[in-house]
Every structure is written in structure tokens, then in C-alpha cells.
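Below is one structure, written out as C-alpha cells; the observations come after it.
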Amino acid sequence: MDTLPILYSFRRCPYAMRARLAIAASQQACQLREVVLRNKPQEMLEASPKATVPVLVAGDQVIDESLDIMLWALQRNDPLGLLGAESAGSDQTSNPVLTSMLDLIEQCDNVFKRHLDRYKYPQRYDLVTGENDRDAAAQWLLTELEPRLQGGYLFGSTLMLADLAIAPFVRQYAHTDKDWFAAQPWPALHAWLAEFLNLSLFNQIMEKYPAWHQGMPRVLFP
Ligand SMILES: N[C@@H](CCC(=O)N[C@@H](CS)C(=O)NCC(=O)O)C(=O)O
């Protein structure tokens with residue numbers, strides 16, 4: 001068990017959620033270390049001085065970007081075909097679906113996330129209200145996600161990497177003002193988010209764990 005990879009995680013962080021989703025989907029056993037962001041463990045900071053969660057430590061390898069953790073896990077084992085059917089064990093660049101998914105995820109992490117933060121915490125950005133950013137983020141949801149979701153998921157009729165990588169951020173957006181979100185005429189997006197929130201995979205990764213400290217019993221994940 002000592003050799004199991006260690007995942008530093010924070011339950012409510014959408015980046016950590018996407019990492020946990022991919023690790024759970026890949027059935028890769030890890031030791032989960034729940035982090036308190038204002039009191040990060042020294043062991044995590046030594047592994048990754050950039051000090052964001054999630055961080056995965058697997059032997060000598062330290063992976064401290066959530067998307068890289070997803071790819072690491074799913075390239076080892078992808079029983080749900082989340083990377084695209086032909087990708088198992090193959091070169092990422094030869095998988096056009098994966099390339100398109102990575103492009104959409106990059107837009108989420110750059111364009112959508114920026115507006116999400118400003119919508120959720122306008123005072124941190126010296127804004128009187130977050131409404132302009134709420135609307136700019138909505139524009140991205142409408143033009144980039146809603147049309148794609150006609151098949152049920154972002155890349156067709158089955159759950160894939162992009163759904164797991166993006167849904168935690170849309171969840172955060174929806175929860176910022178639930179009534180406003182529910183009133184928007186976005187049927188496919190509403191159905192997709194509701195289904196994501198109902199996934200047993202999602203409920204599994206939202207289990208609560210006490211904050212980790214050296215010496216406490218290991219928490220096996222998933
Ligand atoms: N690009 C990073 C971003 C991770 C990130 O920003 N995580 C936040 C929590 S949601 C964090 O750890 N922030 C540092 C802090 O709040 O101290 C990734 O994809 O893993």
C-alpha cells in the first residue's frame with residue numbers, strides 16, 4: 001500500500017473533482033490526502049511548490065495540473081472509453097476526438113473559468129456586480145456547450161473526458177444563483193448537468209474525508 005500514488009485533493013475544488021473523477025473512472029487506487037487550502041501540508045508543498053490542488057505523487061513523478069492527472073489515470077486504464085475508443089495506449093495526437101476535447105477544456109479553463117470567478121466573487125475583482133461576467137460565461141455555455149449537447153454529452157452520446165473535465169465548473173456556475181440558472185432556456189445543458197450530478201461516479205468522488213495530517217490512517221481512493 002505504501003507504493004500507491006498519493007492524491008492531494010480538496011473536496012470542493014472543481015480541478016480536484018475532475019482529477020478524482022478520472023482516477024475513479026480509471027479504477028486507479030490512490031491514497032487520498034484531503035487538504036485544507038489555508039493550511040496546506042508541508043509534504044504537498046515540497047512535492048509541488050506551486051501549491052495548488054490537485055497534486056498527484058506517483059513514485060518519482062509529480063503531476064500538479066488537474067488535466068494532466070486525468071490523462072495520466074485514463075492512459076493507464078480507461079474502461080469507460082473516456083479518451084475516445086481508439087485512443088487506448090495510442091499517441092494522443094493521433095486521436096482527433098481527444099484533440100477537440102482538449103481544445104474545449106482549454107476554453108473552459110481560460111475563458112469560462114475567468115468569468116466564473118468574476119461572477120462568483122465580484123468583490124475580489126473590484127466589481128460592483130458579477131452580472132457582466134455571468135452573462136459572458138452564459139454566452140460561452142450557449143455557443144460552445146448547448147449545441148454540442150444535442151446528443152446528450154459534449155462529444156456524442158456517451159460520457160467522455162470533456163464532460164468530466166468541464167461539468168464541475170458548470171456546476172459551480174449553476175450553484176452561484178440556482179434560481180437564475182434554472183430559469184435560463186437551456187434544456188440540453190440543464191439535462192446534462194442534472195445527469196452528471198446524479199452519476200454514481202460523481203457521488204462517489206464527493207464523499208467527505210477529514211483533513212489529512214501525517215500519522216493518520218491512509219484513506220484509500222476510490
Ligand atoms: N491549473 C491548476 C489549477 C488548480 C487550482 O487553482 N486549484 C485551486 C483550488 S480550486 C487552488 O489550489 N488554489 C490555491 C489556493 O487556494 O491556495 C489545475 O488545473 O490543477
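Number of residues in segment 1-44 that are out of contact with any Leu (no Cβ under 9 Å at 6 or more places or on another chain), more than 11 Å from the ligand (Cβ to nearest atom) and farther than 27 Å from V170 by Cβ equals 5.
Of all the residues in segment 159-186, those that are of a type outside the set (A, V, I, L, M, F, W, C) and surrounded by 19 or more Cβ atoms within 10 Å (Cβ to Cβ) number 3. Taken residue by residue, segment 51-58 has at least one member that is within 16 Å of the ligand (Cβ to nearest atom), without any contact (Cβ under 8 Å) to a residue 40 or more places away in the chain and either buried (at least 17 other Cβ atoms within 10 Å of the Cβ) or outside the structural domain of L164 (by TED's automatic domain parsing) (or both). Among the residues of segment 116-157, those identified as in contact with a Leu (Cβ under 8 Å, 6 or more places away or on another chain) and not hydrophobic (A, V, I, L, M, F, W, C) are R118, D133, E144, E146, R148, Y153. Among the residues of segment 59-68, is any within 12 Å of the ligand (Cβ to nearest atom), touching a residue at least 40 places away in the same chain (Cβ under 8 Å) and of a type in the set (G, A, S)? Yes, the conditions are met somewhere in segment 59-68.
From the list A73, A47, which one is over 23 Å from E207 (Cα atoms), touching a residue at least 12 places away in the same chain (Cβ under 8 Å) and more than 13 Å from the ligand (Cβ to nearest atom)?
Numbers: A73 fails: over 23 Å from E207 (Cα atoms).
Of A73, A47, the one residue that is over 23 Å from E207 (Cα atoms), touching a residue at least 12 places away in the same chain (Cβ under 8 Å) and more than 13 Å from the ligand (Cβ to nearest atom) is A47.
Could you check segment 22-50 and list, in sequence order, the residues that are in contact with a Pro (Cβ under 8 Å, 6 or more places away or on another chain), crowded, with 17+ Cβ neighbours inside 10 Å and closer than 17 Å to P79 by Cβ? Break it down into steps so the answer makes sense when it comes.
Step one: filter segment 22-50 for residues in contact with a Pro (Cβ under 8 Å, 6 or more places away or on another chain), giving 23-31, 33-35.
Add one more test, that the residue is crowded, with 17+ Cβ neighbours inside 10 Å, and what stays is 23-26, 28, 30-31, 33-35.
Of everything in segment 22-50, those that are in contact with a Pro (Cβ under 8 Å, 6 or more places away or on another chain), crowded, with 17+ Cβ neighbours inside 10 Å and closer than 17 Å to P79 by Cβ turn out to be I23, A24, A25, S26, Q28, C30.
Selection of strands (runs of 3 or more DSSP E) fully inside segment 1-111 by the criterion of at least 2 residues being of a type outside the set (A, V, I, L, M, F, W, C) returns 6-9, 30-34.
The values are calculated or read from the model by the stated rules, or taken from the named source; none is laboratory data. Computed from a predicted model, the values in this text were never measured in an experiment. FYI the Cβ positions are ideal-geometry reconstructions off the backbone, even for glycines, and counts take in every protein chain you see.
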